[in-house]
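This report refers to the structure that appears directly beneath it.
The values are calculated or read from the model by the stated rules, or taken from the named source; none is laboratory data. Remember, predicted model here, so these are calculated numbers, not experimental data. Reconstructed Cβ throughout: ideal geometry from the backbone, glycine too, with neighbour counts over all protein chains shown.
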Amino acid sequence: MMTDPIADMLTRIRNSSASRRDEVSVPYSKVKFTIAKILEKCGFVGAVETKEDNKDFAIRLRYDGRRPAFEAIRRISKPGHRVYVGADKLPTVRSATGVAVISTSQGLMTNMEARDRKLGGEIICEIY
């Protein structure tokens, strides 16, 4: 039994990137797929595609030359310690070169989108 599937997905991405794999397979859930789509939109990973069986989805990893497209990816809010922030306290990740994924009442979005919409919420993870 897995207690934190989002942390598992982030660890799979981090480990596959460190071992220079082309893609990583992740068990499907709507939240994990949405987080992966946000990372794709921000340019930290390549294409995110569901597989035929709809039990897994694939994340193609991006590299800038020989280096991964991101320096670090880490989970902020954990099952044992949730981290919530108001709209006025949203984090800026690495002088706005990174992205924090925020779970708001209007769905998952980046910290910049949440700031523009004046929404607070739970900080899921950050990547830079």
Subject >> the range 99-118 residues that are assigned by TED's automatic domain parsing to the domain that holds residue 36, paired with ones that are crowded, with 21+ Cβ neighbours inside 10 Å and in a strand (DSSP E or B) (beta carbon under 6 Å, 6 or more apart) >> reply: none
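Could you please let me know if residue 67 is at pLDDT below 95, loosely packed, with under 12 Cβ neighbours inside 10 Å and not polar (S, T, N, Q)? Before you say what the answer is, go through the steps one by one.
On the way: at pLDDT below 95: yes; loosely packed, with under 12 Cβ neighbours inside 10 Å: yes; not polar (S, T, N, Q): yes.
In short, yes.
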Subject >> Members of the range 71-109 that are surrounded by 15 or more Cβ atoms within 10 Å (Cβ to Cβ), farther than 24 Å from residue 18 by Cα and of a type in the set (Val, Ile, Thr) >> reply: 85, 102, 104
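Kindly indicate which of 39, 61 is over 17 Å from residue 126 (Cβ atoms) and among the hydrophobic types (A, V, I, L, M, F, W, C). Break it down into steps so the answer makes sense when it comes.
Numbers: 39 fails: over 17 Å from residue 126 (Cβ atoms).
Among 39, 61, only 61 is over 17 Å from residue 126 (Cβ atoms) and among the hydrophobic types (A, V, I, L, M, F, W, C).
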Subject >> Scope the range 25-49; condition in contact with a helix residue (DSSP H, G or I) (Cβ under 8 Å, 6 or more places away or on another chain), surrounded by 18 or more Cβ atoms within 10 Å (Cβ to Cβ) and more than 20 Å from residue 65 (Cβ to Cβ); matching residues >> reply: 26, 32, 35, 36, 48
**OP:** State which residue pairs qualify: first residue assigned by TED's automatic domain parsing to the domain that holds residue 18 and under 25 Å from residue 28 (Cβ atoms) and inside the range 56-67, second residue of a type in the set (Ser, Thr, Tyr) and at pLDDT below 95 in any location, beta carbons under 6 Å apart, and separation of 6 or more residues or different chains.
**Re:** 57/50
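What do you reckon, is residue 92 touching a Leu at 6+ places or on another chain (Cβ under 7 Å) and without any contact (Cβ under 8 Å) to a residue 40 or more places away in the chain? Talk me through it step by step, then tell me what you get.
On the way: touching a Leu at 6+ places or on another chain (Cβ under 7 Å): no; without any contact (Cβ under 8 Å) to a residue 40 or more places away in the chain: yes.
No: the conditions fail for residue 92.
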Original post:
Is it the case that some residue within the range 7-14 is under 19 Å from residue 78 (Cβ atoms), touching a Cys at 6+ places or on another chain (Cβ under 7 Å) and surrounded by 15 or more Cβ atoms within 10 Å (Cβ to Cβ)?
Top reply: yes
